[in-house]
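S.K.: Here you go, one structure.
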Amino acid sequence: MIETKTTWKDSGYDCNHCGGQILERTDRETGQPAQVCYQCQMCGCQWELSGDILRVGHMTSCHRAVKTQETLPIIPARLRLIFIIVGLVLLALIYFGGLVAVRYLIPIVITVIVFRALYLLGKERMWW
């Protein structure tokens with residue numbers, strides 16, 4: 001038998017959308033790791049502990065606030081550096097090995113895409 005137990009604890013925060021009290025919600029389901037998030041008591045908005053929105057509340061102020069927060073993602077400096085290094089390696093490979101060397105990159109790229117998809121699927125289904 002699967003049982004779900006939810007506990008609530010004051011987070012010390014107030015909602016930016018409606019001014020309601022934000023509580024830390026912990027859901028424990030039999031055989032599963034505990035899931036923790038923040039939830040506004042008044043409007044029902046939910047956030048991950050990192051601050052990312054899980055669910056938008058039912059008030060118009062919530063929808064307005066979410067629309068103003070949606071901006072283009074900023075690429076971190078570390079990711080930009082990786083793009084530059086990969087680009088330089090690709091240019092060096094083409095320069096020294098010719099375009100024939102690119103055919104060896106295709107299986108590597110496909111392998112990286114498959115492993116990334118598996119990793120994201122496992123993260124979504126909480127395998128790790």
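The values are calculated or read from the model by the stated rules, or taken from the named source; none is laboratory data. In this text the structure is predicted, and so the values were computed from the model without any measurement. No Cβ is skipped: glycine too gets one built from the backbone with ideal geometry, and neighbour counts run over all protein chains shown.
S.K.: Residues that are in a loop (DSSP other than H, G, I, E, B) and β-branched (V, I, T): does region 84-101 have at least one?
M.R.: No, region 84-101 contains no residue that is in a loop (DSSP other than H, G, I, E, B) and β-branched (V, I, T).
S.K.: If you check L81 against the conditions, is it part of a helix (DSSP H, G or I) and under 15 Å from the mean Cα position of the chain (by Cα)?
M.R.: No, not satisfied.
S.K.: Would you mention how many residues in region 74-128 are loosely packed, with under 10 Cβ neighbours inside 10 Å, of a type in the set (G, A, S) and within 30 Å of P33 (Cα to Cα)?
M.R.: Final tally of qualifying residues: 0.
S.K.: How many residues, within region 61-93, are over 30 Å from G19 (Cβ atoms) and either modelled with pLDDT of 80 or more or in contact with a His (Cβ under 6 Å, 6 or more places away or on another chain) (or both)?
M.R.: 17
S.K.: Which residue out of W128, W47 is at pLDDT 80 or above and under 15 Å from the mean Cα position of the chain (by Cα)?
M.R.: Result of the check over W128, W47: W47.
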